[in-house]
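A short worksheet on the structure shown next.
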Ligand SMILES: Nc1ncnc2c1ncn2[C@@H]1O[C@H](COP(=O)(O)OP(=O)(O)OP(=O)(O)O)[C@@H](O)[C@H]1O
Ligand SMILES: [Mg+2]
């Protein structure tokens with residue numbers, strides 16, 4: 001059995017900041033000297049590869065190829081630390097132990113997997129194999145919003161589940177659903193993170209209210225930020241602008257993950 005931890009990042013609704021958060025949390029763990037993998041299980045609408053400067057032409061093998069038995073999981077893993085870096089934030093990952101396992105961005109392959117499905121056990125085996133083969137400390141899983149097969153799997157096998165929510169009533173209801181599922185599955189570490197919080201509210205008040213509502217710890221309240229929107233998923237914001245409020249709050253969440261024994 002591999003010793004590395006699986007960290008799933010989920011939100012019930014879309015657009016909460018999962019992909020930006022996952023990429024930045026993984027990057028912070030790699031900067032802290034950890035061996036880190038990132039899997040894009042958002043098969044329907046993959047996106048996290050963009051934060052690592054990849055497009056269809058640079059991707060190589062994908063999770064889809066693995067799920068269809070066309071390659072091993074190891075062949076999907078792209079070493080980000082080895083790539084010549086093309087942006088100020090990503091350049092800081094040079095020489096670090098960080099791998100991305102992207103999902104295909106080809107329309108035909110996405111529709112094929114949605115139409116035909118795949119063996120979810122194979123995905124689980126892939127997670128376990130890559131943890132072992134790359135001797136990872138952490139495997140971060142970026143998910144599709146809502147609940148579907150790969151999301152339920154990634155929640156069920158998580159050592160740490162990060163649920164992201166915005167301060168919005170639709171998100172509150174959806175988060176209650178996911179928290180209930182996580183509790184029924186006995187996920188060992190359930191951590192909430194608030195993103196897109198309006199700066200006019202005190203983050204400490206938001207934290208207190210959300211913790212009382214869901215009876216779970218909030219590891220960070222990250223502000224709604226024009227600077228982050230302006231970054232437009234081009235770069236790893238917390239590496240590029242480490243002194244920004246969003247980045248500092250993000251690092252607080254990374255610390256909470258690294259502190260889990
Ligand atoms: N704190 C923030 N302030 C402003 N914009 C943000 C913030 N966090 C994320 N964004 C922006 O919100 C959009 C969605 O972010 P992201 O893709 O990370 O979310 P997601 O939860 O992965 O979305 P999806 O559910 O579609 O996968 C992006 O344009 C991103 O730049
Ligand atoms: Mg996403």
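Throughout, read-outs are computed from the coordinates displayed, never taken from laboratory work. The structure presented is a predicted model; accordingly, all values stated were derived computationally and were not measured. Cβ atoms come from the backbone with ideal geometry, glycine included; neighbour counts cover every protein chain shown.
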Inset, instruction - Pop a pseudo-label 7 angstrom from the Cα along the beta-carbon direction at both residue 44 and residue 115 and give the gap in nm to one decimal. - result: 1.8 nm
Legend entry - Contour minus Cα-Cα distance for residue 122 and residue 72 (0.36 nm per residue): 16.9 nm
Legend entry - Over the range 1-139, relative contact order from alpha-carbon pairs under 8 Å, at least 6 apart, %: 38 percent
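Which whole number of Å³ per residue matches the convex hull of the alpha-carbon atoms in the range 150-252? Mind showing how you got there, number by number?
Working: hull volume 12.1 nm³, N = 103.
Once divided by residue count, the hull of the range 150-252 is 118 Å³.
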Inset, instruction - Quickly work out the residue 156-to-residue 202 label distance, labels modelled 7 Å from Cα along the C-beta direction, and quote it in nm with one decimal. - result: 4.4 nm
Legend entry - Stretch gain in nm, segment residue 177-residue 261, where the contour uses 0.36 nm per residue and the Cα spacing is subtracted: 27.6 nm
Legend entry - Efficiency of FRET from Cβ geometry, residue 94 and residue 184, R₀ 30 Å, rounded to 0.05: 0.10
Inset, instruction - Could you tell me the distance between the Cα centroids of the range 19-86 and the range 178-225, to the nearest Å? - result: 26 Å
Inset, instruction - Can you work out the PRE-style zone for residue 170? Point 7 Å along Cα to Cβ, and I want the residues of the range 6-43 with backbone N under 20 Å. - result: 10-21
Legend entry - Calculated diffusion of the range 167-209, Stokes-Einstein form, Kirkwood radius summed over Cα pairs, 10 °C and 1.306 mPa s, µm²/s: 135 µm²/s
Inset, instruction - Can you put 201, 118, 138 in order of Cβ neighbours within 10 angstrom, beginning with the fewest? - result: 201, 118, 138
Legend entry - the chain: calculated mean residue ellipticity at 222 nm from DSSP helix runs of at least 4, using -39500 (n - 2.57): -12500 deg cm²/dmol
Inset, instruction - Calculate the tail of P(r) for the chain: the fraction of all Cα-Cα distances greater than 29 Å, expressed in %. - result: 25 percent
Inset, instruction - Would you please classify the overall shape of the range 210-261 from the alpha carbon gyration tensor, given that a ≥ b ≥ c denote the square roots of the eigenvalues, rounded means a/c under 1.5, and beyond that prolate means a/b larger than b/c while oblate covers the rest? - result: oblate
